[in-house]
Amino acid sequence: MHTTTPGARAPRLAPAYVGGVQLGAYAVRHLLTPDARRRLLLRCSTNVDNLAAGRWDTLVTSALLVEAPMDLPYALLLLAVLGYAEYAYGAWWAAAAFLWGHAGASLIVYGALRARHAGPATRSATDVGVSYGLYAVAGALATAVPHRPARTAACTALLALGVRPLLRGRGRVTFTDAGHLLALLLGAALGPALARGRRRGLGRRSSQ
């Protein structure tokens, strides 16, 4: 008999997801014509035109594509964050937190752009990628750190990372910059639930 935390097992979903997105990016780049690639990315984007037309599936498909293969450091960071979340809390939670931040931030940005009557270029912009989900999971993990000094440091660093692009000045801030901060805050809201789950899990026992 030994004490375990829920989900404490080698991650499988995170490597499959990161590898799938990366392989998909290479396939799209090398197997499709530039025009076909552009049409695919636009069809899967969570832009205003797609969501206004009721293409809600883009809230998922946009997280499965990136415009270009991810740089190795970024791919490894994504794997580390998602892999740790899956290891510590389970695949279902990691996937749910990722989608919560990705879809939630996308919808809030969509609502803001519609309210501001964004121009045609913004309404039809290519908007795919993994960054909203990454920010959300990182935010949830940071606010669930058990030790207060470490939790404060982690939250401060992530908040600075999310706010910094918004301070670049008028005309240089994109809706994606705002989406990153929104995703971070949405993820951070999950932290207390994670902390409660961890405390309950430490009291459980499983046989081996």
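Only helical runs count toward this figure. For the chain, summing -39,500 (n - 2.57) over DSSP H runs of n ≥ 4 and dividing by all residues gives -21000 deg cm²/dmol at 222 nm.
Put simply, the Cα atoms of segment 84-181 extend 46, 30, 19 Å along their principal axes, the longest span coming first. Computed 3J(HN,Hα) for segment 89-97, one whole-Hz value per residue from the Karplus formula 6.51 cos²θ - 1.76 cosθ + 1.60 where θ = phi - 60°, is 10, x, 5, 4, 5, 4, 5, 5, 5, glycine and proline marked x. From the largest down, segment 1-145 spans 60, 37, 24 angstrom on the principal axes of its Cα atoms. When the chain is treated as a Gaussian network with alpha carbon springs shorter than 10 Å, the biggest mean-square fluctuation among H147, H117, H30 belongs to H147. Take the Cβ atoms of L161 and L99, set R0 to 22 Å, and the FRET efficiency comes out at 0.55.
As a fraction of the 1.4 Å probe accessible area of segment 103-164, surface on carbon and sulfur atoms comes out at 64 percent.
Here the label points at A80 and A52, each 7 Å from Cα along the C-beta direction, are separated by 4.1 nm in the simple model. Not counting the cut sites, what is the longest span of the chain without trypsin sites (Lys or Arg not before Pro) that DSSP labels loop and that have at most 15 other Cβ atoms within 10 Å? The longest uninterrupted stretch comes out as 13-115.
Estimated at the nearest 10 Å², the accessible area of T156 is 80 Å² with a 1.4 Å probe. In the full protein context, the chain carries 56 Å² of accessible surface per residue, based on a 1.4 Å probe and ignoring ligands, DNA and RNA. Computed from backbone phi with θ = phi - 60° and the Karplus coefficients 6.51, -1.76 and 1.60, the 3J(HN,Hα) list for segment 48-65 is 4, 4, 5, 5, 5, 8, x, 8, 6, 4, 5, 5, 9, 4, 5, 8, 9, 10 Hz; x is used for glycine and proline.
What does a probe at A115 reach in segment 41-61, counting residues whose amide N is under 17 Å from the point 7 Å along Cα→Cβ? The answer is 48, 52.
Between T152 and R29, the distance separating the two model label sites (each 7 Å from Cα on the Cα→Cβ line) works out to 4.3 nm. Applying the Karplus relation 6.51 cos²θ - 1.76 cosθ + 1.60 with θ = phi - 60° to segment 101-106 yields 3J(HN,Hα) values of x, 5, 6, x, 5, 4 Hz, where x marks Gly and Pro.
The values are calculated or read from the model by the stated rules, or taken from the named source; none is laboratory data. Here the structure is a predicted model, which means the values were calculated and not measured. Methodologically, a virtual Cβ is constructed for each residue, glycine included, from the backbone with ideal geometry; neighbour enumeration extends over all protein chains shown. The area values use the complete protein model at the heavy-atom level, side chains included, leaving out ligands, DNA and RNA. Shrake-Rupley method; radii C 1.70, N 1.55, O 1.52, S 1.80 Å.
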